[in-house]
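These notes are about the structure you will find just below.
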């Protein structure tokens with residue numbers, strides 16, 4: 001892999017201007033009206049400008065107020081991330097955009113279900129690793145398990161990687177959910 005793959009270059013005629021910015025991954029929480037077409041408009045903003053969405057979760061959070069929370073994980077240079085936030089804030093059904101990464105005081109978690117097929121030593125090792133990762137068995141047959149694991153995305157990535165040689169069959173992931181620490185709401 002190219003060492004400069006995550007660096008975006010720009011040319012400037014001003015001596016003090018930065019010439020390269022490193023791509024960063026950020027988690028954005030977007031509070032929106034829960035109405036038809038809102039998610040399509042948000043996704044359209046990303047796809048229309050060539051921005052990538054790495055993770056996307058949506059759920060109604062305040063039923064009485066008809067509000068939903070969209071959590072988006074995206075990657076870009078600081079300038080691109082700022083553009084994304086500004087463009088999101090201009091969409092009419094959006095109430096608030098919070099960059100949970102810049103907040104620095106948030107909790108992010110993801111849920112995954114991991115199906116592993118195996119017998120004998122592979123089966124025993126899969127159960128031992130599941131215990132070490134605090135994954136729960138939510139389905140079992142004599143030939144397979146389905147594990148449920150919750151945590152940071154890198155923890156889930158590591159668990160999946162360890163299950164590969166033991167008979168990994170399938171993985172289903174929810175995407176990132178994020179919330180700020182402390183007593184304040186979004």
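The values are calculated or read from the model by the stated rules, or taken from the named source; none is laboratory data. Because the structure is predicted, anything quoted here is derived from the model rather than measured. Because the Cβ atoms are built from the backbone with ideal geometry, glycine has one as well, and the counts that use them run over all protein chains shown.
With the structure loaded, tell me whether residue 167 is more than 16 Å from the chain's Cα centre (by Cα), at pLDDT 95 or above and at positive phi or whether it fails that test.
Numbers: more than 16 Å from the chain's Cα centre (by Cα): yes; at pLDDT 95 or above: yes; at positive phi: yes.
Against the criterion (more than 16 Å from the chain's Cα centre (by Cα), at pLDDT 95 or above and at positive phi), residue 167 qualifies.
Among residues of region 37-64 that are outside the structural domain of residue 89 (by TED's automatic domain parsing), none has a beta-carbon under 8 Å from a residue that is in a loop (DSSP other than H, G, I, E, B) and modelled with pLDDT of 90 or more at least six positions away or on a different chain.
Among the residues of region 117-128 satisfying the criterion of being in contact with a strand residue (DSSP E or B) (Cβ under 9 Å, 6 or more places away or on another chain) and in a helix (DSSP H, G or I), which is nearest to residue 160 (Cα to Cα)? Before you say what the answer is, go through the steps one by one.
So the first thing to find is which residues in region 117-128 are in contact with a strand residue (DSSP E or B) (Cβ under 9 Å, 6 or more places away or on another chain), and the list is 117-118, 122-123, 126-127.
Retained after the next criterion (residues that are in a helix (DSSP H, G or I)): 122-123, 126-127.
On the way: 122: 14, 123: 15, 126: 11, 127: 13 Å.
Filtering first and then ranking leaves 126.
Return yes when residue 99 is in the same structural domain as residue 70 (by TED's automatic domain parsing) and in contact with a strand residue (DSSP E or B) (Cβ under 9 Å, 6 or more places away or on another chain) and no when it is not. Steps first, answer last, please.
Working: in the same structural domain as residue 70 (by TED's automatic domain parsing): yes; in contact with a strand residue (DSSP E or B) (Cβ under 9 Å, 6 or more places away or on another chain): yes.
Yes.
Is it the case that region 139-162 has a residue that's assigned to a helix (DSSP H, G or I) and farther than 23 Å from residue 75 by Cβ? Checking region 139-162: at least one residue is assigned to a helix (DSSP H, G or I) and farther than 23 Å from residue 75 by Cβ.
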